[in-house]
Amino acid sequence: MKCKANVLAIALVVVAAGMVSAVGAEKITFYASPDALGAALEAAFEAEHGDVLDYIGGPWCRKLKAEQEAGDIVADVIYGAEPIFYEELMLDGVLYEYTSPEAVNLAEEYQWDKSYYTIADLRYIGIVYNANLVGESWLPTTIDGLNDALWYQMTTVADATQCSSAFAMAGAMVYPDLDFSFFEAASANGALLSDRAGKLPSMVASGEAVLGLGPHDAVVRLQNKAKKEGTESPVNIAWPSDGVYVIPRPIAIVADGERSADATAIAEAFVDFVLSEAGQKLAVQKGGFMPARTGVAGPSLVPTDVELIETDWNWVLENSETIRDQFTQIMYGE
């Protein structure tokens, strides 16, 4: 009897192994940034679901747009960027309709009436500065203070023509009346352009610019990296008294009529995980982002009492061509 029991046990293990192998054969690809967050999400999700994810990072928005133009999108799930990018994809029929059961746990202001994408986390825009080059007593206290003559040719802004998040920043800043006075003053003051919003704090860290208007999350990541290496990052962020712009970062599943039901189920489960408490904590710890979910603490760098400036993203979408054209004319003189 003992021998038969052992044989049965071995047979069950073999069958179970075969089932795991079969499930593992179904994989999906997800695009996200930054790499530390993407890798952490992949590891955490696969710890429960097996080898089911392929992660691709870097400037994935450009990659996706190129794939869309070629008619061959590789991604199954996309995570990051900003709302207008997703609105345009939705209008193009690129996104798959899915409402995660985890969405009810998001802060009320981010429970948007959308069934093709969900707000996953947030980036706040503040005054990024090099603490080795700018003393706190010299820091501008308002956004327009960046354009003071004191900082001539020493500031940087993200290029709205090159980066989705940078475009969202520009859209938020000119809402609601297409007021480009900040950019006009920045251009006159010799501001440098950063080709990506997330790269702007690195420009400030290097001393290429000493101040800039940029996202808090990249500052958090630079500080965390320095701490891990036993050093101290020169980059910090100050919160303007006239308010802090909020850029929501969505997550969505790409529509694909050829994707199997099993693969689609994995994509849905992954979206659920990103919006779960565990996924939101990773967004904070590895990405430096503010969670969209209630009950999860944000990075210590972000005060709990910052005054947030919300934006009507439908308005930005409606005025997107004007925003891009005006930004190009002002910052490039074209």
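The values are calculated or read from the model by the stated rules, or taken from the named source; none is laboratory data. Small disclaimer: the values here were computed from a predicted structure and weren't measured. Cβ placement follows ideal geometry from the backbone for every residue including glycine, while neighbour counts extend to all protein chains displayed.
Of the strands (runs of 3 or more DSSP E) lying entirely inside the range 201-256, those carrying at least 1 residues that are among the β-branched types (Val, Ile, Thr) and crowded, with 17+ Cβ neighbours inside 10 Å are 235-238, 244-254. Out of Ile73, Ile78, I need the residue that is in a strand (DSSP E or B), among the aliphatic types (A, V, I, L, M) and under 19 Å from Arg259 (Cβ atoms). Which one? Exactly one of Ile73, Ile78 is in a strand (DSSP E or B), among the aliphatic types (A, V, I, L, M) and under 19 Å from Arg259 (Cβ atoms), namely Ile78. Out of Ala168, Ala160, one residue alone is hydrophobic (A, V, I, L, M, F, W, C), at pLDDT 95 or above and touching an Asp or Glu at 6+ places or on another chain (Cβ under 6 Å). It is Ala168. Scoring Ala36 on the criteria (1) in a helix (DSSP H, G or I); (2) in contact (Cβ under 8 Å) with a residue 24 or more places away in the chain; (3) surrounded by fewer than 17 Cβ atoms within 10 Å (Cβ to Cβ) leaves a single failure, condition (3).
Considering (1) within 22 Å of Asp159 (Cα to Cα); (2) modelled with pLDDT of 95 or more; (3) outside any helix (DSSP H, G or I), the lone condition that Gly298 does not fulfil carries the number (1). For Glu97, state whether it is assigned by TED's automatic domain parsing to the domain that holds Thr264, more than 19 Å from the chain's Cα centre (by Cα) and at pLDDT 95 or above. Spelling it out, Glu97 is indeed assigned by TED's automatic domain parsing to the domain that holds Thr264, more than 19 Å from the chain's Cα centre (by Cα) and at pLDDT 95 or above.
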